[in-house]
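K.L.:
I am attaching a structure below and will ask some questions about it afterwards.
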Amino acid sequence: VNPCILFASVYDKPDEWRDALRALVPSLDFRVYPDVQQAEDIEAALVWRHPLGMVKQLPNLKLVINLGAGVNHIFDDPDLPPDLTVARLVDPGQTAQISAYVAQHVLAMHRQMPELRRAQNESRWNYIHPMPASECRVGLLGLGNLGRASAELLGRLGFSLFGWSRTQRELAGVSCHSGVDGLQQVLSQSDILVCLLPLTPSTTDLLDARAFARMPKGAAFINAGRGATVVEGDLLAALDSGHIRHAVLDVFRQEPLPAEHRFWQHPAVTVTPHNAAVAEARSSAPQVIDNLMRLRDGRPFINVVDRSAGY
Ligand SMILES: NC(=O)c1ccc[n+]([C@@H]2O[C@H](COP(=O)([O-])OP(=O)(O)OC[C@H]3O[C@@H](n4cnc5c(N)ncnc54)[C@H](OP(=O)(O)O)[C@@H]3O)[C@@H](O)[C@H]2O)c1
């Protein structure tokens, strides 16, 4: 049987994915939405922010593979059948990109780059005595695929690491916490807080005024998870008061970030346009093909999303 997959993303290049997948299965029937002729052939879809109404057009759809790690957009589709399997990509290329992004901005916060930039703008020699990385505590919210890889890289750079996850984890070199009390402990010890949480009902609005107040005065915040985990008005208030000295934000409640949003012009905010990391076609293709073969053979899928947990 020739596998058939429907590609639906306006953010990713279909040719790259078709070439990477066909390099493994030359006969692959690869269709690009809205080309759904003979819709009954389509049993799998590879999607990022797929158009609403698409799933309804596919009577034999058995597997949706998210073109990335964060699956919350898929669940925004009211037509998604409750028993449809949703899988995601766990891509080594994306993992390397996100840990590099985290390390880049943790280092920038640790080495006071915003302060040095301000001083340079004023031709002012502002000698800031460097502090060893081991004296800087970095808290990681989310110890999944991306959080663990970031912890590993930050550990090699010498930072003191704290981590938080839903279930209790054990990671070499990381003081791991879970649950409500665990969050308070991580917040209160984070000189730099990095959020790599998925967006689910339990992580929505998690970082609010109380959470920011819990962090040490002058702490920095980096969000590469999802925007709606943060109450943006509360973060702005914490930045205005100086309690949070700087925020690096890659994700927002509304994307693209509206031109009038205060984050753009705030002197203590660095905005990146949700480009911390993307799944790479070549390094992800084997797991997509693996799941198509599992579909063909009726074997259990890999990288399946737990729909009750939402990630
Ligand atoms: N900015 C970007 O470009 C970009 C790129 C890729 C991904 N992302 C975001 O990064 C997120 C994480 O990706 P991943 O591959 O690391 O996901 P993952 O492997 O599923 O890990 C998620 C982590 O978050 C923890 N978690 C989930 N719900 C929680 C809760 N209510 N309380 C505490 N911890 C909770 C999980 O706990 P357990 O360990 O107990 O399961 C796990 O450690 C994605 O969902 C996506 O939103 C952003």
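The values are calculated or read from the model by the stated rules, or taken from the named source; none is laboratory data. Predicted model, so just to flag it, every value in this text is computed and none were measured. Cβ placement follows ideal geometry from the backbone for every residue including glycine, while neighbour counts extend to all protein chains displayed. Keep in mind that these areas ignore ligands, DNA and RNA; they rest on the heavy atoms of the full protein, side chains included. Shrake-Rupley method; radii C 1.70, N 1.55, O 1.52, S 1.80 Å.
K.L.:
Out of Ala96, Ala45, which single residue is surrounded by 13 or more Cβ atoms within 10 Å (Cβ to Cβ) and under 16 Å from Leu292 (Cβ atoms)?
P.N.:
Just a single option satisfies the conditions, and that option is Ala45.
K.L.:
Then there's this: What is the number of the single condition among (1) assigned to a loop (DSSP other than H, G, I, E, B); (2) open to solvent by 10 Å² or more (accessible area, probe 1.4 Å); (3) under 25 Å from Arg166 (Cβ atoms) that Val251 does not meet?
P.N.:
(2)
K.L.:
Where residues in region 1-33 are surrounded by fewer than 17 Cβ atoms within 10 Å (Cβ to Cβ), part of a loop (DSSP other than H, G, I, E, B) and under 27 Å from the mean Cα position of the chain (by Cα), which of them is modelled with the highest pLDDT?
P.N.:
Lys13
K.L.:
To continue, here is another question. Return the pair list, or none, for Cβ contacts closer than 6 Å from residues in region 98-112 that are under 20 Å from Gly70 (Cβ atoms) to residues that are open to solvent by 20 Å² or more (accessible area, probe 1.4 Å) and within 12 Å of the ligand (Cβ to nearest atom), at least 6 apart or on different chains.
P.N.:
From region 98-112, the pairs are Ile98/Leu146; Ser99/Ala149.
K.L.:
Identify the single condition in (1) open to solvent by less than 30 Å² (accessible area, probe 1.4 Å); (2) within 18 Å of Val248 (Cα to Cα) that Thr200 does not satisfy, given that it satisfies every other one.
P.N.:
Of the numbered conditions (1) open to solvent by less than 30 Å² (accessible area, probe 1.4 Å); (2) within 18 Å of Val248 (Cα to Cα), the odd one out for Thr200 is (2).
K.L.:
Can you tell me which residue in region 267-290 is least open to solvent (accessible area, probe 1.4 Å), limited to those that are within 13 Å of the ligand (Cβ to nearest atom) and among the hydroxyl-bearing types (Ser, Thr, Tyr)?
P.N.:
My answer is Ser284.
K.L.:
Follow-up. Six or more apart or on different chains, Cβ under 6 Å: which pairs go from a residue in region 116-135 that's more than 24 Å from Ser190 (Cα to Cα) to one that's assigned to a loop (DSSP other than H, G, I, E, B) and open to solvent by less than 100 Å² (accessible area, probe 1.4 Å)? Could you list them?
P.N.:
That search, which allows pairs on different chains as well, returns Ala119/Asn126.
K.L.:
Mind counting the residues in region 69-91 that are part of a helix (DSSP H, G or I), open to solvent by 40 Å² or more (accessible area, probe 1.4 Å) and either at pLDDT 95 or above or away from the ligand (no atom under 12 Å from the Cβ) (or both)?
P.N.:
1
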